[in-house]
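Single-structure report; data block below.
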Amino acid sequence: MLSLEKLSAGYRRLQILHAIDLEVRQGEIVALIGANGAGKTTTLRAISGLISPTDGEILFDGTSIGGLRPDLLVRQGLVHVPQDRALFGRLSVAENLKMGAYTRVKDATSALDQVYELFPILADRRRQRADTMSGGQQQMLAIGRALMARPRLLTLDEPSIGLAPNLVVQVLQAVQAIRDTGVTVLIVEQNASQTLAIADRAYVLESGSIAMEGPGRDLAADERVRTAYLGM
Ligand code: ATP
């Protein structure tokens, strides 16, 4: 579904990603793990059109999308949830969700029902202002808003950041539930051990290059990964 072929990207003259190869197949949860500053966020930014590649290809359904505007990618089914969540703080939960459906006004009601089913707390709080919700609820709202656009591929940048352990579990369970509805997921995480447990396959990014790749379970059992990323 998504292939990065020798993708390079960065900021002005600062090259962060060095010829990355990465693949996400339909129906998978693929995890991208790595230390702070390895380039995980930069990878998702390039995929979602927030920055342009300096070299290499990004193929979505076999078509080159490198450098396309994020809103055009959303219409093609590629939807990104950024690390800072980028909610509309003064709008209500329901209004935030509706904003996510701006490309799909026609089937917004059924999408809304699905989001409320996945995250009942959002239904309970539909009239509450987004910026008065807890961190975990805001993360669910950010994911819910992305689902309103009916993505085929969802990219998530550290959805569990700053959350209490029980909420980390809840968010990662929601990611599995989303995949079970047929949405393919590429997730960047610091909570590497829990993320590898739900990932079909994973990649380890080190200083802007792919250092390792394999099934999530294999990487979780790998000595190097355990020492460097799982704190064991
Ligand atoms: P983190 O877990 O800290 O988010 P990361 O693996 O996602 O780490 P990136 O955010 O992709 O890493 O950052 C990779 C490198 O790019 C870092 O050295 C960072 O300082 C640099 N960087 C990030 N954003 C910018 C920017 N807008 N301008 C210049 N450099 C940037």
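Bear in mind these aren't lab numbers, they're just calculated from the coordinates by the rules spelled out. Fair warning: this is a prediction, and the values are worked out from it, not measured in the lab. Every residue, glycine among them, receives a Cβ derived from its backbone with ideal geometry; neighbour counts consider all protein chains shown.
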Row for region 124-232, column shape: gyration tensor on C-alpha, a ≥ b ≥ c, rounded if a/c < 1.5 i.e. under 1.5, prolate if a/b over b/c, else oblate; value prolate
Of 157-163, 40-46, ordering from highest average Cβ density within 10 Å down gives 40-46, 157-163
hull vol. (C-alpha, convex hull) per residue for region 25-137, Å³ -> 144
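Find how much the distance from Gln128 to Tyr11 grows on full extension, using 0.36 nm per residue of separation minus their present alpha carbon separation; answer in nm with one decimal.
Numbers: separation 117, 0.36 × 117 = 42.12 nm, distance 3.75 nm.
That pair, Gln128 and Tyr11, stretches by 38.4 nm at full extension.
Please find the FRET efficiency linking Asp200 to Arg152, where r is the Cβ-Cβ separation and R0 is fixed at 22 Å, and quote it to the nearest 0.05.
Working: r = 16 Å, r/R0 = 0.74.
The pair Asp200/Arg152 has a calculated efficiency of 0.85.
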With T = 37 °C, eta = 0.692 mPa s and Kirkwood Rh from C-alpha pairs, the Stokes-Einstein D of region 1-51 in µm²/s is about 282
Kirkwood-based Rg/Rh on the Cα set of the chain evaluates to 0.96
The helix 135-147 Cα axis meets the longest alpha-carbon principal axis of the chain at an angle in degrees, between 0 and 90 and rounded to 10, of 90
The relative contact order of the chain, taking Cα pairs under 8 Å that sit 6 or more residues apart, comes to a percentage of 27
Classified through the alpha carbon gyration tensor (a ≥ b ≥ c as square roots of its eigenvalues; rounded if a/c is under 1.5, else prolate when a/b is larger than b/c, else oblate), region 73-196 comes out oblate
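Between Gln173 and Asp113, how high is the FRET efficiency from 1/(1 + (r/R0)^6) when r is the Cβ-Cβ distance and R₀ = 25 Å? Nearest 0.05. Walk me through the numbers before you get to the answer.
Numbers: r = 20 Å, r/R0 = 0.78.
Efficiency computed from Cβ-Cβ geometry: 0.80.
In nm, what is the difference between 0.36 nm times the number of residues separating Glu57 and Arg90 and their Cα-Cα distance? Kindly include the intermediate steps, with their values, before the conclusion.
Numbers: separation 33, 0.36 × 33 = 11.88 nm, distance 3.84 nm.
Extra length from Glu57 to Arg90 when fully extended: 8.0 nm.
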Rounded to the nearest 10 degrees, the helix 165-180 long axis (Cα) sits at an angle to the longest Cα principal axis of the chain of 90
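Note the full-extension length gain between Arg75 and Thr103 as 0.36 nm times their separation in residues minus their Cα-Cα distance, in nm to one decimal. Numbers along the way, then the final one.
Working: separation 28, 0.36 × 28 = 10.08 nm, distance 0.64 nm.
Full extension from Arg75 to Thr103 adds 9.4 nm.
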quick note, the chain, DSSP beta bridge pairs, % antiparallel (nearest 5) is 55
